[in-house]
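Take a look at the structure below.
The values are calculated or read from the model by the stated rules, or taken from the named source; none is laboratory data. Please read these numbers as outputs of a predicted model, since none were measured by experiment. All Cβ positions, even for glycine, are placed from backbone atoms using ideal geometry, and neighbour counts span all protein chains on display.
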């Protein structure tokens, strides 16, 4: 397997349509999206606190976000804490990721950091379409994506790491 990159064209009407809009093409980096939105005034520290809360929750329950099939998640506050960027890379298409995220938040009793963003719908837990409209309205599509290990899922990576660990243990026992 060798690294690969893909050019992502602007939205094309021939793209497959999902439940909530076009399905962006899978790239060597799998699926993902970048969202940039305005921060509600005075909530930047709440957003930072939410990041700390999420990190703490993951220490207690490392697999909390596992249903999302995430590879990476990045949050950035910028422009003097007036704008927020959410960037996620994951294995499922946008519709599935978003539905899984809403379900995860509802089941775990965790609210979303997006509640601190301007125009985010207050009824997001009961109105997935409004949640998705918000995300799509603030999405900044990639035009190129690169994968060092193209099209490999997070589950495949975890399995490969488990095999590596097992082989390392076996080799240590042989010495």
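Condition check: within 20 Å of residue 75 (Cα to Cα) and either touching a helix residue (DSSP H, G or I) at 6+ places or on another chain (Cβ under 6 Å) or at pLDDT 90 or above (or both). Does residue 132 satisfy that?
yes
Scan the range 62-83 and give yes if some residue there is more than 24 Å from residue 158 (Cβ to Cβ), without any contact (Cβ under 8 Å) to a residue 24 or more places away in the chain and either part of a strand (DSSP E or B) or in contact with a strand residue (DSSP E or B) (Cβ under 7 Å, 6 or more places away or on another chain) (or both), otherwise no.
yes
Do you know which of the residues in the range 116-132 that are at negative phi and in contact with a strand residue (DSSP E or B) (Cβ under 9 Å, 6 or more places away or on another chain) is surrounded by the fewest Cβ atoms within 10 Å (Cβ to Cβ)?
Here the answer is 118.
How do the pairs read when you match residues in the range 149-172 that are touching a residue at least 60 places away in the same chain (Cβ under 8 Å) with residues anywhere that are in a helix (DSSP H, G or I), using Cβ under 8 Å and keeping only pairs 6 or more apart or on different chains?
Listed by first residue and then by second, the contacts come to 149/157.
Here is a list of conditions, (1) modelled with pLDDT under 95; (2) part of a loop (DSSP other than H, G, I, E, B); (3) farther than 27 Å from residue 160 by Cα; (4) in contact with a strand residue (DSSP E or B) (Cβ under 7 Å, 6 or more places away or on another chain), and residue 10 meets all of them except one; can you say which number that is?
Of (1) modelled with pLDDT under 95; (2) part of a loop (DSSP other than H, G, I, E, B); (3) farther than 27 Å from residue 160 by Cα; (4) in contact with a strand residue (DSSP E or B) (Cβ under 7 Å, 6 or more places away or on another chain), only one is false for residue 10: (4).
Yes or no: residue 101 exposed (fewer than 14 other Cβ atoms within 10 Å of the Cβ) and assigned to a helix (DSSP H, G or I)?
Here the answer is no, as residue 101 does not meet what is asked.
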